[in-house]
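The values are calculated or read from the model by the stated rules, or taken from the named source; none is laboratory data. Only a predicted model underlies this, so the values are computations on that prediction, with no experimental measurement involved. When we count neighbours, we look across all protein chains shown, and the Cβ atoms used for this are built from the backbone with ideal geometry, even at glycine. In case anyone asks, the SASA skips ligands and DNA or RNA and just uses the protein heavy atoms, side chains included. Shrake-Rupley method; radii C 1.70, N 1.55, O 1.52, S 1.80 Å.
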Amino acid sequence: MALPPRRPPGLSLGEVMAAKHHKPIVVISSSQKAVRVPRKRIAELVDFISRREGERIGSADIAFVDSDDMASMNRRWLDHRGPTDVLSFDMGKDEAAPGISAQLVICGPVAAKQAKDRGLDVQYEILLYVTHGLLHLMGYEDHTIRGGARMHAREEELLREFLKSGKRGRP
């Protein structure tokens, strides 16, 4: 009978897990002018969420669009009128980047308006949308009161931890 593999001496479980972690491939595009897109922060956040949730994200294609484009996609994919904040799509298996293959579409003008209405920094709002979209692809739902409360609590927890992680503080 073979013994289970042992953790190398001097390494914590977290260090062993980090060594096995593969950074997601993150591609970000923007065709809108309402918000500045914090590309580096978003890539760091995608990796952070992947590690914290224990879900491998192989790739994330994140597109920032204007209100008209978002309204068009929202109508096509969800049969809803008007622009929304974020749409998330599971793109299936990607042999080049095993794990979740995510596509997120974020509406820059909606982020700007929501941030202003809620008294938040627009960069924080953008990170919230990325978190929200990724959690949907990891099985979280917000269509019920209980599911929505669980999802929103996890979003806030992840963002709080990410911003406290010491990389650069609040965006």
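Below is a table of values for the structure above.
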item	result
Which numbered condition Glu161 fails, given (1) in contact with a Gly (Cβ under 9 Å, 6 or more places away or on another chain); (2) modelled with pLDDT of 95 or more; (3) surrounded by fewer than 19 Cβ atoms within 10 Å (Cβ to Cβ); (4) under 20 Å from Lys23 (Cα atoms)	(1)
Hey, Leu87 closer than 20 Å to Glu141 by Cα, touching a Phe, Trp or Tyr at 6+ places or on another chain (Cβ under 8 Å) and of a type outside the set (D, E, K, R) or not	yes
Contacts under 8 angstrom Cβ, first residue in the range 28-46 being closer than 15 Å to Glu125 by Cα, partner of a type in the set (Ser, Thr, Tyr) and not in a helix (DSSP H, G or I), 6 or more apart	Val37/Ser30
Residue list for the range 41-72, restricted to those being among the hydroxyl-bearing types (Ser, Thr, Tyr) and within 11 Å of Val26 (Cβ to Cβ)	Ser50, Ser59
Top-ranked residue of the range 73-90 - restricted to ones that are free of Cβ contacts under 8 Å to residues at least 40 places away in the same chain and open to solvent by 100 Å² or more (accessible area, probe 1.4 Å), ranked as nearest to the chain's Cα centre (by Cα)	Trp77
Residues (surrounded by 13 or more Cβ atoms within 10 Å (Cβ to Cβ) and acidic (Asp, Glu)) located in the range 138-148	Asp142
Boolean, Ser31 is open to solvent by 50 Å² or more (accessible area, probe 1.4 Å) and hydroxyl-bearing (Ser, Thr, Tyr)	yes
Contacts under 6 angstrom Cβ, first residue in the range 102-114 being farther than 13 Å from Leu137 by Cβ, partner hydroxyl-bearing (Ser, Thr, Tyr) and open to solvent by less than 30 Å² (accessible area, probe 1.4 Å), 6 or more apart	Ile106/Tyr129
Every residue from the range 112-137 that is of a type in the set (A, V, I, L, M) and open to solvent by 30 Å² or more (accessible area, probe 1.4 Å)	Ala112, Leu120, Val122, Leu137
